[in-house]
1. If I go through segment 434-459 residue by residue, how many of them are under 19 Å from N63 (Cβ atoms) and assigned to a helix (DSSP H, G or I)?
2. From the list L558, L588, L546, pick out the single residue that is among the aliphatic types (A, V, I, L, M) and over 33 Å from the mean Cα position of the chain (by Cα).
3. Say whether the condition of being surrounded by 24 or more Cβ atoms within 10 Å (Cβ to Cβ) and modelled with pLDDT under 90 is met by at least one residue in segment 605-621.
4. May I ask you to list the residues in segment 482-509 that are open to solvent by 30 Å² or more (accessible area, probe 1.4 Å) and either at pLDDT below 80 or more than 30 Å from A592 (Cα to Cα) (or both)?
5. Looking only at segment 380-404, which residues are at pLDDT below 75 and not in a loop (DSSP other than H, G, I, E, B)?
6. Go through segment 1-20 and report how many residues are modelled with pLDDT under 80 and closer than 17 Å to G503 by Cα.
7. Could you check how many residues of segment 440-452 are surrounded by fewer than 21 Cβ atoms within 10 Å (Cβ to Cβ), of a type outside the set (D, E, K, R) and either at positive phi or in contact (Cβ under 8 Å) with a residue 40 or more places away in the chain (or both)?
8. Considering each residue of segment 142-166, count those that are open to solvent by less than 10 Å² (accessible area, probe 1.4 Å) and not in a helix (DSSP H, G or I), and give that number.
Amino acid sequence: MPVTNRKDSSSLHLIITFIILGISIILFMSNRVRADLVAVLALLAFVLTGILDATEALVGFSNSVVIMIAGLFIVGAGILRTGLAQMAGNVLLRSSGDSEKKLFILLLVIVAAVGAFMSNTGTVALMLPIVVSVAISMKSSPSKFLIPLSYMASFSGLLTLIASPPNLIISQKLVDSGYEKLGFFEITPIGIIGVVVGIIYLYAVRNILLPNEKRRNNSKDEHQLSPKQLASDYQLGGHLFRVSVPEDSVMIGERLSQLKIPGAYQLCILTIERKSTEGINLLPMTYQEMAGPTSIIQAKDILQIQGSLNNIEKFVADFSLAIEQEASEADELVSKQLGIAEVLLTPHSSLMGETVRGISFREKYNLNILGINRRGEYVLKEMSKERLRFGDALLVQGSWDEIELLARETRDVVVVGQPKEHASMAAANGKAPIAGGIMLLMVLLMIFEVFPAVISVLIGAILMIVTGCVRNMDDAYSKINWESIVLIAAMLPMASALEKTGGMVMLSEGIITMLGGFGAIGVLAGIYFITMVFGQFISNTATAVLFAPIAMNAAISLDASPYTFLIAVAVASSMAFATPVASPTNALVMTAGGYKFFDFVKVGVPLQIVMFIVMMIAIPIIFPL
């Protein structure tokens, strides 16, 4: 009786597992519920029905693949922030000319080459910002490039032994069963066939099946709110000057509040640039600080001043100063510490009706007002006397931290645009070579397996933060796509549920029973097909782990070559094209490309069919049965 109860319980759990799997697939396909929420709901269902315990259900959140993906988002942010992605994109654009066709093929070839020596997830995370940058530069939709990027990264996993986990898993299975392990390039012929067929297919369907929607966050308005564009819109050129303080100037040692410069000269000192006197200076170091009432002028200071040329000349003559040069708009206003932003007066702002001088904006918010945009007319001269009106926009300048604080803590104005994003870009400016070196180091550590892949990625991510390629930890966390992280982590335990309830064994035994009459080639096709199908819903690593022993047993029972069957498992595990949850790479590009579930279905399913036919011909030829 207890045996019967255990059997009944096991059968019930098997049925429930397939029900949960089926409902999850339907919800994924409906696109009405967020994919990460569906995954978490499925996870909870496995726990509440007793199929998995809490430890088994949450193991995905400590999985090295999930942590590695989070780290790769940070590395990708550093590549984008520093402009390295833009530089690489420019090289690609020059190589392809104005031909989108040539660019499309060139990108896929580069992805395949990079992916041959590192994980497909790492390849996509590194190439993603480059591809998006190139697509925008070409005035094309990133959605035309990102699914091909993900698919080609999967194909590249078949080019070398270390390119994807399934290859290593089947190689280890061969060793465990007493056979020779796979050579580094032994699987390469299969990979080359996959890459060539994949490029031909994706090139053929790129304008037919791939979506061509513009990214919503690539709007014209956002571009116009960049610091450089704001400086141009407010016509700051000709109103900004760099003035140096000689050692004999009468200003030295004076506080700005004592000099009363705004009232006497109608000028505004924005920043003070001076050499650092702290520590041992092996190299000349300079830094900028906001000019305020308590600032004390020192010899050799460089003052950045806003005002008219006539007033500047009078001021310089009175204080024995020297005009260095006319400042070049945003280049002088934006740095790692300082920036500019536009703010709008709210309908109930207490600033309305007050003069710029009367609101004490500088004292209250530690920010300078550089100009007023009044319905398209820009007020730059004698602003201190202007009374603010509803609809006025103010151009403010100061530290990025103060601008962000203003965005959070006042109801009088609304900060327009994305100052946090621009601050991060400014902080990483000029650090593209550093980001490139970090990326190269990370790739080399992964190729030569100095550390586990996840550790190599975390080293790269931390170096991006420490070197300033990513502004700070808050910026790093903000660039992680948590939807993708939760989706992948919550989906990983599904393989455990299928294995624990016996679902995998039942399906594999059914294949051998059904197709055994067709001989070894029939069973090979069946194992490839069922591996491919399950690979659309669980990770390629989990798929290979589950089906490698099934393939080995089938080969031995049929007196066929285990190499042929296990290569089929490795290939089928990597053919994860039909769903966004089929692989981490698909999840990575789903949000960035604005894709829906059926975008992967309509592009991926025909590719699955093509590759099934091609591989059923290629694998037995290269690895005879």
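1. Matching residues across segment 434-459 total 8.
2. L558
3. Checked segment 605-621: no residue is surrounded by 24 or more Cβ atoms within 10 Å (Cβ to Cβ) and modelled with pLDDT under 90.
4. Of everything in segment 482-509, those that are open to solvent by 30 Å² or more (accessible area, probe 1.4 Å) and either at pLDDT below 80 or more than 30 Å from A592 (Cα to Cα) (or both) turn out to be E483, L492, S496, E499, K500, V505, M506, L507, E509.
5. The answer is M383, S384, K385, G398, S399, W400, D401, E402, I403, E404.
6. Number satisfying all stated conditions: 5.
7. Going through segment 440-452 one residue at a time, the tally reaches 3.
8. Selection size over segment 142-166: 5.
The values are calculated or read from the model by the stated rules, or taken from the named source; none is laboratory data. Not measured: the values here are computed from a predicted model. A quick note on method: Cβ atoms are made from the backbone with ideal geometry, for glycine too, and the neighbour counts reach across all protein chains shown. For the accessible areas, the whole protein counts, side chains as well, though only heavy atoms, and no ligand, DNA or RNA atoms are used. Shrake-Rupley method; radii C 1.70, N 1.55, O 1.52, S 1.80 Å.
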